[in-house]
Every structure is written in C-alpha cells, then in structure tokens.
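Notes for the one structure printed next.
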C-alpha cells in the first residue's frame with residue numbers, strides 16, 4: 001500500500017444544493033472510523049472503555065479523524081449481537097474496564113488474573129466472558145458494600161435517584177428475575193411474574209433486594225465509565241456516533257413491561273415478527289424474530305416510546321444512526337413460527353407521523369438514516385422530507401454498467417459514505433471473493449494500480465467523493481481480510497468476535513490516514529479555512 005498521496009489532478013470540491021435547512025455552502029468535510037468497543041485490544045478478553053479506548057482516540061486525533069462510530073451499546077443476550085439487547089437503555093457490562101475498577105479500589109489485580117477471559121487476542125470468547133465477567137462484577141459489588149467508598153457511594157445514590165424513575169429499577173428487577181430462573185426468557189417465568197402481577201413483583205423485589213441493587217450498580221459503573229470516555233473524546237475533538245436498532249428484542253425489559261406496544265397474542269407470544277424479504281444475497285430472506293410494534297397504540301401518546309428512546313441515546317452520543325430506516329416507512333412482517341422470511345408481507349409503517357413527533361422533541365440534525373436494502377421512492381421521500389442524511393457503501397458501487405446509486409458520480413454531499421459497514425466484508429475480503437468483473441471495474445473506475453493497491457485505492461475513492469462524511473472500517477485501515485469480518489447477516493454463529501491486536505495503531509498507519517484526510521480536505525483544521533473561502537463566493 002502506498003503511504004502518501006500526491007495526486008496532482010484530484011477533482012476540486014463539488015458544491016451541491018442543500019436539503020432542508022443545511023447551509024447554502026456545502027463545504028464542511030470530515031471522516032472517521034467504524035470500530036465497536038468490543039474490538040479494541042484488551043488483556044481481559046474483550047475491548048472495554050479503558051486505556052485502549054483512549055489510545056484509539058489518540059490514533060483518531062493524530063490521523064485527522066473527527067468521528068468514532070460504534071455499534072449499539074446495549075446489554076447483549078443470546079447470539080451476542082448488539083442489535084438484540086435485554087434493554088434499550090442499559091449498557092453492556094462487558095464493556096466495563098476492569099483496570100479502572102482496580103484503580104478505584106473495587107478490584108484487586110490478582111483477582112482478575114485468576115479469572116479466565118479467553119486466550120485468543122483476535123477473537124472474543126463470549127462463553128468465557130459471560131461466565132466470568134459477572135464473577136468479576138460481583139467481587140466489585142461485595143467490596144463496594146464492605147468498604148467505605150464514601151464519594152463513590154454518594155455518586156451511586158445520585159445515579160439511582162436520577163435514573164430509577166425512568167428505567168433503572170424496572171431493568172434491575174427484570175435481570176434479577178431472569179438470573180433467579182437460570183437466564184430463561186421472561187415468557188418462561190412463573191405466570192404471576194410473567195404477567196407482572198403487582199403482588200408477585202413486590203414480593204420478589206423485597207426478597208431479592210440486594211441482587212436488584214447489584215444490577216443497578218453494574219449500570220452505575222457502565223455509565224460512569226462511558227461519561228468519562230465521552231468527555232475524553234470531546235477533549236480530543238472526537239464525536240461519537242451511536243447506532244439505534246429499529247426493533248426491540250422479544251426477551252427484553254421493554255416487551256415484558258409494555259407488552260401492549262407490541263404485536264403479541266393472549267399468551268404474550270408474538271403474532272408477527274421482523275425480517276427482510278428474499279434478495280440477491282439470501283433466497284430465504286432474513287428472519288430477525290423481533291416482535292413488531294403496534295404503531296397505532298404508539299401513536300396514541302405521540303410516539304413517546306420512540307421519542308424517549310432517541311432522546312436517551314443522544315445523551316450518550318453526539319450523533320445517531322437509525323438502523324433499518326426503511327422499516328419506519330413500511331416493514332416486512334413475517335408470521336411467527338415461520339422458519340424463513342419468505343411468507344412475509346410489506347405493511348405500512350408510521351412514516352412522517354413518527355418523524356413529526358420526533359422533530360417536535362429532538363434536533364433531527366443529530367440523526368442520519370441507514371437507508372440500505374430494498375429502498376422505494378416512498379422511503380427516499382420520507383428521508384428527504386426531514387433532511388436526514390442517508391448512507392451509501394462503496395463496495396456496492398461497481399456493477400459494470402456504472403448505474404449503481406452507490407457509485408461516486410451518483411452521490412451527493414449529504415450522504416454518509418462507508419467503505420463497508422459491520423455487515424460487509426472488508427475491502428480485502430471483498431477483492432478476494434467478489435465478482436471479478438466488478439472488482440476489475442472498481443480498479444478501472446478509481447484508477448487503482450498495483451503500487452497503490454485495492455484497499456488504499458478504495459479508501460481514496462471514498463475520501464475524494466463529494467460526500468460530507470466518510471467512514472472507514474478499521475479493518476480496512478489495517479488491510480485485513482475476511483477473517484476479520486464483524487458480522488455476516490443471516491448467519492447465527494461466529495459473529496461479533498473480531499478484535500484488533502495490540503500494536504496495530506502504528507505511526508505508519510497514522511501517516512497514511514492523515515495524508516489521505518489532508519489530501520481530501522477532511523482535516524478538522526482545514527474546515528474553517530474552506531468555509532471562509534466558501535463564504536466569499
């Protein structure tokens with residue numbers, strides 16, 4: 001890979017008309033990196049909100065990046081997917097940094113050394129993590145109760161007071177019942193608890209008060225560490241982009257506590273579930289299995305469930321991607337119990353009614369839409385009516401007729417352009433396994449030669465596009481292949497496991513990314529100069 005860029009005939013910045021209330025001069029340009037926290041290096045089996053996260057932010061700042069995009073931060077369940085969480089608000093305890101707990105006196109390092117978290121520095125062993133992370137956190141909880149920790153206890157009390165009314169106590173009760181019954185889904189709990197009988201819930205909470213406090217304590221640790229990480233990101237000039245799954249997991253506190261908001265039968269089982277129709281990538285489509293919303297019920301209180309959910313997430317991140325945006329215009333509804341998504345149907349969603357409610361409560365400029373897949377004119381009209389940036393993926397650009405909506409000459413300023421997302425192969429994996437004719441066309445279209453290489457050439461193609469925002473997969477910056485792919489849709493194992501090795505954030509990679517960012521006028525320090533020039537035209 002060439003490490004410097006000295007293209008003399010690079011195209012000048014193109015100015016296009018703005019959508020909505022965007023400035024008339026579309027000159028601001030930026031770039032960033034997609035890397036979930038779990039993929040950071042760590043001696044404790046999985047990436048955390050600790051020193052390695054700050055080292056990564058130092059890498060971003062040194063290489064001229066403005067954005068760190070992460071996957072959903074929620075507490076993962078079976079399958080380990082961040083898009084299937086026990087709660088829409090609770091943070092993932094796997095991300096809590098053990099060494100920070102050591103520094104605070106809540107753990108002793110020797111205790112950590114006795115717990116196995118996995119020996120493979122390139123893959124997360126979720127079976128070990130799920131067994132031993134709770135043990136680690138129980139040790140911290142026990143020490144927290146026994147010792148003084150006066151200031152920490154005041155902070156915990158303040159956290160409980162601030163959060164309990166909205167979600168914390170409900171979540172902690174849910175997790176305590178779940179752990180008491182061996183982790184089974186709430187649908188398999190005893191009938192009084194399953195149906196939230198008031199007396200049964202109160203009796204359980206009284207008997208298991210300490211365990212409920214433990215789950216509240218875990219969330220206290222998570223949000224304490226997350227706030228510190230977010231503050232440190234802002235000090236470095238980095239914005240964090242979060243991700244909002246469109247659907248809620250069936251085995252979640254929200255479906256248990258608010259079943260009237262979801263399409264469930266009298267036995268509290270789903271009647272229809274979410275998915276995607278068959279396409280060129282899957283003959284059976286994708287069967288996600290999430291319960292579908294009762295949009296008519298949600299509309300009765302002006303979609304408060306969704307508004308509160310987005311507002312909460314925007315307290316944690318600077319910008320938010322809405323996953324599967326098209327499902328808010330119309331969604332694929334599959335009969336519960338089907339083994340594939342083939343028998344589904346398109347059903348109209350809330351569309352502009354939902355976004356009008358969101359717009360009344362929240363600044364939509366912090367939101368962009370994942371508008372990939374089967375996209376109709378109605379989906380695009382919804383996106384554009386509310387001036388939401390959409391997404392494109394460079395790997396999808398190169399059909400040999402040059403007609404793809406993802407190809408650079410069809411893009412516009414408001415698009416967020418990715419080399420690939422967590423659902424894509426890496427560039428190198430794509431190059432080695434994709435249609436040879438399309439790969440050859442990509443090389444020709446972008447003018448990639450053997451000296452530059454396909455990875456650097458594709459990144460250059462993204463960087464020099466008209467798009468305001470460009471996001472690179474970290475695996476592409478590292479030139480990794482298919483073995484580092486984060487997720488392969490429609491598969492049920494082997495996903496979400498990739499980890500970056502220590503020592504990969506080299507000076508050479510900083511220089512490569514910095515030069516690319518400077519050449520494409522995306523450095524943060526270049527923006528005030530470019531905007532000043534634009535204001536004179």
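The values are calculated or read from the model by the stated rules, or taken from the named source; none is laboratory data. Please read all numbers here as calculations on a predicted model, not as lab measurements. Counting neighbours? That spans all protein chains shown, and the Cβs are built from the backbone with ideal geometry, glycine included.
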Discussion item. So, in the range 16-38, how many residues would count as being at pLDDT below 95, more than 17 Å from residue 391 (Cβ to Cβ) and touching a helix residue (DSSP H, G or I) at 6+ places or on another chain (Cβ under 7 Å)?
Written reply: 3
Worksheet, complete the sentence: The correct count of residues that are in contact with a helix residue (DSSP H, G or I) (Cβ under 6 Å, 6 or more places away or on another chain) and in a loop (DSSP other than H, G, I, E, B) in the range 43-64 is 9
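Could you grab me the full set of residues in the range 142-151 that are surrounded by fewer than 19 Cβ atoms within 10 Å (Cβ to Cβ) and either in contact (Cβ under 8 Å) with a residue 60 or more places away in the chain or closer than 26 Å to residue 43 by Cα (or both)?
Of the range 142-151, the ones surrounded by fewer than 19 Cβ atoms within 10 Å (Cβ to Cβ) are 142-143, 145-151.
Selection gives 142, 143.
Here is a check on your reading of the model: is residue 475 farther than 19 Å from residue 35 by Cα, part of a helix (DSSP H, G or I) and touching a residue at least 12 places away in the same chain (Cβ under 8 Å)? Please lay out each step first, then the result.
Working: farther than 19 Å from residue 35 by Cα: no; part of a helix (DSSP H, G or I): yes; touching a residue at least 12 places away in the same chain (Cβ under 8 Å): yes.
No, not satisfied.
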Response to the item:
Within the range 412-442, residues in contact with a helix residue (DSSP H, G or I) (Cβ under 7 Å, 6 or more places away or on another chain), surrounded by fewer than 20 Cβ atoms within 10 Å (Cβ to Cβ) and within 14 Å of residue 397 (Cα to Cα) come out as 439
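Within the range 404-420, can you find the residues that are in a loop (DSSP other than H, G, I, E, B) and within 25 Å of residue 489 (Cα to Cα)?
Here is the first cut: in the range 404-420, the residues in a loop (DSSP other than H, G, I, E, B) are 404-407, 411-415, 419-420.
Correct list: 404, 405, 406, 407, 415, 419, 420.
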Item to complete: Name the residue, out of 322, 407, 375, that is surrounded by 19 or more Cβ atoms within 10 Å (Cβ to Cβ) and closer than 22 Å to residue 83 by Cβ.
Response: 322
Discussion item. Quick check on my filter: what residues within the range 100-117 are surrounded by fewer than 18 Cβ atoms within 10 Å (Cβ to Cβ) and either touching a helix residue (DSSP H, G or I) at 6+ places or on another chain (Cβ under 6 Å) or within 13 Å of residue 46 (Cα to Cα) (or both)?
Written reply: 102, 109, 111, 115, 116
Fill in: So residue 301, is it assigned to a loop (DSSP other than H, G, I, E, B), more than 13 Å from the chain's Cα centre (by Cα) and free of Cβ contacts under 8 Å to residues at least 60 places away in the same chain
yes
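Select from the range 393-426 the residues that are in contact with a strand residue (DSSP E or B) (Cβ under 8 Å, 6 or more places away or on another chain) and farther than 19 Å from residue 71 by Cβ and list them in ascending order.
First pass over the range 393-426, keeping only residues in contact with a strand residue (DSSP E or B) (Cβ under 8 Å, 6 or more places away or on another chain): 393-394, 405-406, 411, 415-422, 424, 426.
Those that are in contact with a strand residue (DSSP E or B) (Cβ under 8 Å, 6 or more places away or on another chain) and farther than 19 Å from residue 71 by Cβ: 394, 405, 406, 411, 415.
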